[in-house]
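Notes follow the structure.
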Amino acid sequence: MIYFIDIDNTIANTWYSYLYSGYRSENKRLISLAVFINMRKLILRIISHHKSSKLFFISARSYKSYWITYKWLKSVNIPVNIFSIIIVGSVIEKVDFLSLVTKRKNKIVFIDDLSFNHENGMIKYYHRTIESVKNLKVRYIGNECIKKIN
């Protein structure tokens, strides 16, 4: 089994950080994010109970944020290596990436809220992206399930 897990608003409690303008840099904002404890526990459970599974963290962030993403995952005690982080330029690139991986006949689990606009008090969803993911041969765990976990 291969797991692809989103970071922002899935593992990291990201949305509130957009409300605070006192960060000196984007890296300071990203390194200060709080982790969702229950999602972290789920990740650690996957690692310990499914030894043959592979975990990858996928995020639509600036490519410049790669190392700070790595440092953040380490700082919240999520086992990660430099090869397990995938940065994409946009949310739709996640689907492109997943479609390539599914061609290899692997069992894929994709955990991603695929939402935005939390900071404005009205969550919106990437509906076309969600539909595209549902058309792939992946087990998709979306926002409703993520909210129950967190």
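The values are calculated or read from the model by the stated rules, or taken from the named source; none is laboratory data. What you see is a predicted model; the values in this text were computed from it and never measured. Cβ placement follows ideal geometry from the backbone for every residue including glycine, while neighbour counts extend to all protein chains displayed.
Worth a mention:
- Number of the exception - residue 62 against (1) out of contact with any Gly (no Cβ under 9 Å at 6 or more places or on another chain); (2) loosely packed, with under 15 Cβ neighbours inside 10 Å: (1)
- Of everything in region 8-32 that is among the aliphatic types (A, V, I, L, M) and surrounded by fewer than 18 Cβ atoms within 10 Å (Cβ to Cβ), the residue that is modelled with the highest pLDDT is 31.
- If the condition is being under 18 Å from residue 14 (Cβ atoms) and small (Gly, Ala, Ser), then region 48-77 contributes 59, 60, 62, 65, 75.
- Exactly one residue out of 146, 87, 92, 123 is of a type in the set (A, V, I, L, M, F, W, C), touching a Ser or Thr at 6+ places or on another chain (Cβ under 9 Å) and buried (at least 19 other Cβ atoms within 10 Å of the Cβ): that is 146.
- The residue pairs whose first member lies in region 74-99 and is within 11 Å of residue 58 (Cβ to Cβ) and free of Cβ contacts under 8 Å to residues at least 24 places away in the same chain, whose second member is polar (S, T, N, Q) and surrounded by fewer than 18 Cβ atoms within 10 Å (Cβ to Cβ), and whose beta carbons are closer than 6 Å, counting only pairs six or more residues apart or on different chains, do not exist in this structure.
- Tally, over region 106-132, of residues that are out of contact with any Lys or Arg (no Cβ under 8 Å at 6 or more places or on another chain) and within 23 Å of residue 2 (Cβ to Cβ): 8
- Cβ-Cβ distances below 8 Å connect the following pairs, each with a first residue in region 46-65 that is in contact (Cβ under 8 Å) with a residue 12 or more places away in the chain, a second residue that is basic (Lys, Arg) and not in a loop (DSSP other than H, G, I, E, B), and a separation of six or more residues or different chains: 58/94; 60/94.
- Test: residue in region 108-128 that is modelled with pLDDT of 90 or more, in a helix (DSSP H, G or I) and closer than 27 Å to residue 18 by Cα: yes
- Yes/no for residue 117 being within 15 Å of residue 55 (Cβ to Cβ), free of Cβ contacts under 8 Å to residues at least 24 places away in the same chain and not hydroxyl-bearing (Ser, Thr, Tyr): no
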